[in-house]
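Below is one structure, written out as structure tokens; comments come after it.
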Amino acid sequence: MRRSPGPAGATATLDVSAEAAVAAQVRCTLEAVFDAVAETRTDATALLARVAAGGRRPATADLAALRPGLHLRLTRQELVSGAGFVAAPGLLGDVPAWLEWWQQGSDGSLRPLLLDLDPAHSAYSDYTHWDWFALPRDTGQRAVAGPYVDYLCSDEYSLTLSAPVHLEGRFVGVAAADVYLRHFEGAVVPLLQRLPKAAYLVNARGRVAASADPAHLAGSLTKGPDFAAVLTAARSTRHGDMRLVPCDGVPLVLVMPAG
């Protein structure tokens, strides 16, 4: 327990164990999605290794073998709205870029994402600058990107959880899953509301992922702290008037007033 002076000399109590409990519950919520991402990464790595053992480059037709697993994850994990493997440019022999990506519609149907990735006339041909691709590629770690309006897949306000895929030490793409922001907020905002002070969650870039603080809306940026460093250090700290609590190994930080 930590105590701080309140109005008119009163004493306000902030239960640090409550912070830890909320951070742990947020972790559990996201780990269920990251489990699906990890399964896709395992499948993609094994598939690409089999193709390489045959002495040839993979092609889009090879990635069709990932579909049964992707379909299973979409129907089994209620937070996941889209899932797939995104190839690093140049990996495949028949196209310059590719997303083996599947989505679940509101009626429960599963459908592939069919994108025109021709760089001559597609705004989506270079996806390498998007956080869900760039962060795992550059850091070698799992990432939470967003929330952002997902014009690529759903036109919904979404989060994308992703992890790098490596083959013999070489980065070959990312495994990822989409979560609609409204579903994520429905799962975690009630947890944030249990805390005695207004709290919100940010990703490694400081983007607010969910909030019970009207001064920090989902999608806005929180500037000042190095949130990536907080995640790397994996321990609670203070920055100015903010208390920062990493969420037990998932790439989100719980932020609330200090004191």
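If you go through the range 126-142, how many residues are out of contact with any Ser or Thr (no Cβ under 6 Å at 6 or more places or on another chain) and either in a helix (DSSP H, G or I) or among the aliphatic types (A, V, I, L, M) (or both)? Please lay out each step first, then the result.
Within the range 126-142, the first condition is being out of contact with any Ser or Thr (no Cβ under 6 Å at 6 or more places or on another chain), and the residues that meet it are 126-131, 133-135, 137-142.
If we keep only those that are either in a helix (DSSP H, G or I) or among the aliphatic types (A, V, I, L, M) (or both) as well, we get 131, 133-135, 137-139.
Adding up the residues that qualify gives 7.
Give 57, 50, 41, 73 a once-over and let me know the one that is free of Cβ contacts under 8 Å to residues at least 60 places away in the same chain and assigned to a helix (DSSP H, G or I). Steps first, please.
Working: 57 fails: assigned to a helix (DSSP H, G or I); 41 fails: free of Cβ contacts under 8 Å to residues at least 60 places away in the same chain; 73 fails: free of Cβ contacts under 8 Å to residues at least 60 places away in the same chain.
Result of the check over 57, 50, 41, 73: 50.
Quick check on residue 140: is it at pLDDT 95 or above and surrounded by fewer than 12 Cβ atoms within 10 Å (Cβ to Cβ)? If you could, list the steps in order and put the result at the bottom.
Values: at pLDDT 95 or above: yes; surrounded by fewer than 12 Cβ atoms within 10 Å (Cβ to Cβ): yes.
So residue 140 passes the test.
If you check residue 71 against the conditions, is it at pLDDT 95 or above and open to solvent by 10 Å² or more (accessible area, probe 1.4 Å)?
Numbers: at pLDDT 95 or above: yes; open to solvent by 10 Å² or more (accessible area, probe 1.4 Å): yes.
Taking the combined requirement at face value, the residue satisfies it.
Tell me, yes or no, whether the range 77-99 has at least one residue that is in the same structural domain as residue 165 (by the TED database), open to solvent by less than 50 Å² (accessible area, probe 1.4 Å) and part of a helix (DSSP H, G or I).
no
Within the range 236-259, work out how many residues are open to solvent by 30 Å² or more (accessible area, probe 1.4 Å) and in contact (Cβ under 8 Å) with a residue 60 or more places away in the chain.
The qualifying residues number 5.
Taking only the range 216-235 into account, find how many residues are touching a residue at least 12 places away in the same chain (Cβ under 8 Å) and either open to solvent by 60 Å² or more (accessible area, probe 1.4 Å) or part of a loop (DSSP other than H, G, I, E, B) (or both). Give the derivation first.
First, pick out the residues of the range 216-235 that are touching a residue at least 12 places away in the same chain (Cβ under 8 Å): 216, 218-225, 227-228, 230-231, 233-234.
Those still in the list that are either open to solvent by 60 Å² or more (accessible area, probe 1.4 Å) or part of a loop (DSSP other than H, G, I, E, B) (or both) too: 216, 218-225, 234.
Residues in the range 216-235 being touching a residue at least 12 places away in the same chain (Cβ under 8 Å) and either open to solvent by 60 Å² or more (accessible area, probe 1.4 Å) or part of a loop (DSSP other than H, G, I, E, B) (or both): 10 in total.
Does the range 193-208 hold any residues that are among the hydrophobic types (A, V, I, L, M, F, W, C) and either assigned to a loop (DSSP other than H, G, I, E, B) or out of contact with any Phe, Trp or Tyr (no Cβ under 7 Å at 6 or more places or on another chain) (or both), and which are they?
Here is the first cut: in the range 193-208, the ones among the hydrophobic types (A, V, I, L, M, F, W, C) are 195, 198-199, 201-202, 204, 208.
195, 198, 199, 201, 204 - these are the residues of the range 193-208 that are among the hydrophobic types (A, V, I, L, M, F, W, C) and either assigned to a loop (DSSP other than H, G, I, E, B) or out of contact with any Phe, Trp or Tyr (no Cβ under 7 Å at 6 or more places or on another chain) (or both).
The values are calculated or read from the model by the stated rules, or taken from the named source; none is laboratory data. The structure displayed is predicted, hence computed values, not measured ones. Because the Cβ atoms are built from the backbone with ideal geometry, glycine has one as well, and the counts that use them run over all protein chains shown. For the accessible areas, the whole protein counts, side chains as well, though only heavy atoms, and no ligand, DNA or RNA atoms are used. Shrake-Rupley method; radii C 1.70, N 1.55, O 1.52, S 1.80 Å.
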